[in-house]
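The values are calculated or read from the model by the stated rules, or taken from the named source; none is laboratory data. Note that this is a predicted model, so its numbers are computed, not measured. Every residue, glycine among them, receives a Cβ derived from its backbone with ideal geometry; neighbour counts consider all protein chains shown. With ligands, DNA and RNA removed, areas are computed over all heavy atoms of the protein, side chains included. Shrake-Rupley method; radii C 1.70, N 1.55, O 1.52, S 1.80 Å.
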Amino acid sequence: MSGTLVAEISRQIEDSIAVKQAVLRDPAALAQVERVALVCCDSLRGGGKIVFAGNGGSFADAQHLSAEFTSRFQFDRAPLASLALATNSSAISAIGNDYGFDQVFARELEAVAKPGDVYIPITTSGNSPNIIESIWVARRLGLPTFCLTGQSGGLANGLCECIRVPSQVTARIQECHILLGHILCGLLENMIFKAPGGPGREEYA
């Protein structure tokens, strides 16, 4: 039994590596991540914030990445403005009860977003109804929107720019989403705090 388990563990690690290698070999995907970083950098420097949203594991990823911005990632520095939607359980129950669960992200986004913000929804399928509704709100508000999805991009792919992880396996997609999110956090810290003319990390050590 133990040998069988080790083989399965190895297979899953290899599968995860293969998805990341596919992203690594895709110049268009790498250029997309660069574009997201540049747009987010302009937003943060201009007083905007980065807004995340997701369901289930993607909800956890949204909170995780938002926390990296408001706390720290690689080094001590000033906080970067970010929030994850639907972290207020009273708001979830109120909006879900009064307007339906499809509106839990859309209604909060409409309440808290302002011009200059960036919206990053996360959905492995690209079809989550509450994410789709929130993307429509982001479009109406004129927010730059970059959706992290799986291979097809789903319905989201026709509504906003999607960074599509080349896999149909939820676990592999989520593993790549958090990798891309960490890369984004690191790029933004470096651009804002270590670039020439930036405030510099030493001011916040």
>> Checking the structure you have, find out if any residue of region 11-34 is touching an Asp or Glu at 6+ places or on another chain (Cβ under 6 Å) and part of a helix (DSSP H, G or I).
In response: yes
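For region 96-123, give me each residue that is in a strand (DSSP E or B) and among the aromatic types (Phe, Trp, Tyr).
First pass over region 96-123, keeping only residues in a strand (DSSP E or B): 118-122.
Residue satisfying the conditions is TYR119 alone.
When you check ARG72 against the structure, is it open to solvent by 70 Å² or more (accessible area, probe 1.4 Å) and within 26 Å of ALA195 (Cα to Cα), yes or no? Step through it out loud before you land on a result.
Values: open to solvent by 70 Å² or more (accessible area, probe 1.4 Å): yes; within 26 Å of ALA195 (Cα to Cα): yes.
When the stated conditions are applied, ARG72 passes them.
In region 138-146, is there at least one residue being at pLDDT 95 or above and open to solvent by 70 Å² or more (accessible area, probe 1.4 Å)? Please lay out each step first, then the result.
Our first condition is that a residue be at pLDDT 95 or above; within region 138-146, this holds for 138-146.
Restricting the remaining residues to those that are open to solvent by 70 Å² or more (accessible area, probe 1.4 Å) gives 139-140.
There is at least one residue in region 138-146 that is at pLDDT 95 or above and open to solvent by 70 Å² or more (accessible area, probe 1.4 Å).
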>> Scan region 86-99 and tell me whether some residue there is under 19 Å from ASP61 (Cβ atoms), hydrophobic (A, V, I, L, M, F, W, C) and open to solvent by less than 10 Å² (accessible area, probe 1.4 Å).
In response: yes
>> Within region 149-170, take every residue that is in contact (Cβ under 8 Å) with a residue 60 or more places away in the chain and not β-branched (Val, Ile, Thr) and give me the one that is most open to solvent (accessible area, probe 1.4 Å).
In response: ARG164
